[in-house]
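Take a look at the structure set out below.
Every number in this text was worked out from the coordinates using simple rules, so none of it is lab data. Computed from a predicted model, the values in this text were never measured in an experiment. Neighbour counts are summed over all protein chains in view; Cβ atoms, including those assigned to glycine, are modelled from backbone coordinates with ideal geometry.
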Amino acid sequence: MPNRLSERIASLEWESLQQALDEQGFAKIPPLLDKEQCEDIIRTYDQPTLFRSTIDMSRYRFGMGEYKYYQAPLPNILQQLREGFYPELAKTANRWLEQLGHTAVYPASLGEFLDHCHQQGQVRSTPLILKYEAGGYNCLHQDLYGEVYFPFQVVFVLNQREVDYSGGEFLLVEQRPRAQSRGHVITLEQGAGLVFPTTQRPVSGTRGFYRTTLRHGVSTITSGTRYSLGIIFHDAK
Ligand SMILES: O=C(O)CCC(=O)C(=O)O
Ligand SMILES: [Fe+2]
């Protein structure tokens, strides 16, 4: 993959990604990180100075595995991902707000959005790397860290499915008002990503848009080790 990451993000097929987000609430990003970049990111896991905190998931009954929040300033590749994805996703975020009868509030650039987080006391960086070994899993959850949040997040899987690990599918469950919940099982190739809603999404119904609530998680890793990179746009309290 020759060109810069930021250029590769800009040249994704944004029109069809936006359409997938509108229609199904999530969108797969074709492999964006090459094997070497995935391995570089995995190697950061053992560099403690890059992180502000480490969470043992079983301690909080979040699942089984471990994750670490990167410290600001983020490693260059993460900064490029966070900055590169924000502007396109902010357009959809604003369109979704309007569909639900609210005013568009998301600024055009990540910098402006983070200024807003920081003014509200959300100052700690949130991008994270997760590591699961055989038997590991991530319970269904939402990643909210204060009142201000961005309605999308992106996850990248850093290992090769069925080679480095098996099981460990990404799970997205959509809770519909006064109806049963719907589940999606999403598999991602090494370096591929998924854009999904942080909390809610508008769905077009017969009487306008209604809102569903989403939670995400990871099914049990049945063998090997799976690392993933979570790009969360809002900072934390
Ligand atoms: O490991 C995964 O695929 C999911 C990670 C996650 O919960 C997140 O990125 O917010
Ligand atoms: Fe999460």
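Can you tell me the dipole magnitude for the chain around its Cα centre, using point charges on the Cβ only (Lys, Arg +1; Asp, Glu -1), in Debye to the nearest 20? Spell out each step's value before the answer.
Working: 24 positive and 26 negative charges, 165 e Å.
Dipole magnitude for the chain comes out near 800 debye.
State the answer as a single residue: which of 218, 159, 11 lies farthest towards the positive end of the charge dipole of the range 5-232, with beta carbon charges of +1 for Lys and Arg and -1 for Asp and Glu, about the Cα centre.
Of the options given, the answer is 218.
Check the straight Cα-Cα distances from residue 35 and name the lysines below 20 Å, setting aside those fewer than 8 residues away within the same chain.
Within the straight-line limit of under 20 Å, residue 35 reaches these lysines: 131.
Loop only by DSSP, 15 or fewer other Cβ within 10 Å of the Cβ. Give me the GluC sites (Glu not before Pro) in the range 102-163 that pass, ordered by residue number. Can you show the working numbers first?
Values: sites: 112, 133, 147, 162; in loops: 147, 162.
Answer in residue order: 147, 162.
May I ask for the net charge around residue 142, where only other residues with Cβ less than 13 Å from the Cβ of residue 142 are counted and Lys, Arg are +1 while Asp, Glu are -1?
Values: positive: 201, 215; negative: 143, 174.
So the environment of residue 142 carries a net charge of 0.
Starting from a Cα-only point model with no solvent, please compute log10 I(q)/I(0) by Debye for the range 112-191 at q = 0.23, 0.27 1/Å.
With one equal scatterer per Cα and no solvent, log10 I(q)/I(0) is -1.16, -1.36.
So, counting K/R as plus one and D/E as minus one, what does the shell of residues with Cβ under 13 Å around residue 229 add up to?
Values: positive: 43, 68, 82, 131, 226; negative: 39, 40.
Every neighbour counted, the sum reads +3.
Could you please rank 148, 105, 203, placing first whichever residue has the fewest other Cβ atoms within 10 Å of its Cβ? Intermediate values should be presented prior to the final figure.
Details: 148 21, 105 12, 203 17.
Final ranking by Cβ density, sparse to dense: 105, 203, 148.
How large is the helix-only mean residue ellipticity at 222 nm for the chain, computed as the sum of -39500 (n - 2.57) over DSSP H runs with n ≥ 4, divided by its residue count, in deg cm²/dmol to the nearest 500?
-8000 deg cm²/dmol
Report Rg (one decimal) and Dmax (nearest whole number) for the chain, counting Cα atoms only, units Å.
17.2, 53
From largest to smallest, what semi-axes in whole angstrom does the range 21-120 give when each is the square root of 5 times an eigenvalue of its alpha carbon gyration tensor?
Value: 28, 18, 17 Å, ordered largest first.
Could you tell me which trypsin sites (Lys or Arg not before Pro) in the range 57-163 are loop residues by DSSP with no more than 12 other beta carbons within 10 angstrom of their beta carbon?
Those satisfying the criteria are 61.
Once the other residues with Cβ under 14 Å from the Cβ of residue 47 are scored (Lys, Arg +1; Asp, Glu -1), what is the net sum?
+1
Could you let me know the centre-to-centre spacing of the range 19-64 and the range 132-173, using Cα atoms, in angstrom?
Between the Cα centre of the range 19-64 and that of the range 132-173, the gap is 7 Å.
Send over the semi-axes of the range 34-90's equivalent ellipsoid, whole angstrom and largest first, taken as the square roots of 5 times the C-alpha gyration tensor eigenvalues.
Value: 23, 16, 12 Å, ordered largest first.
Give me a comma-separated list of calculated 3J(HN,Hα) values for the range 172-187, in order, Karplus coefficients 6.51, -1.76, 1.60 applied at θ = phi - 60°, integers in Hz, x for any Gly or Pro.
Here the 3J(HN,Hα) series is 9, 10, 10, 8, 9, x, 6, 8, 6, 7, 10, x, 10, 10, 10, 9 Hz.
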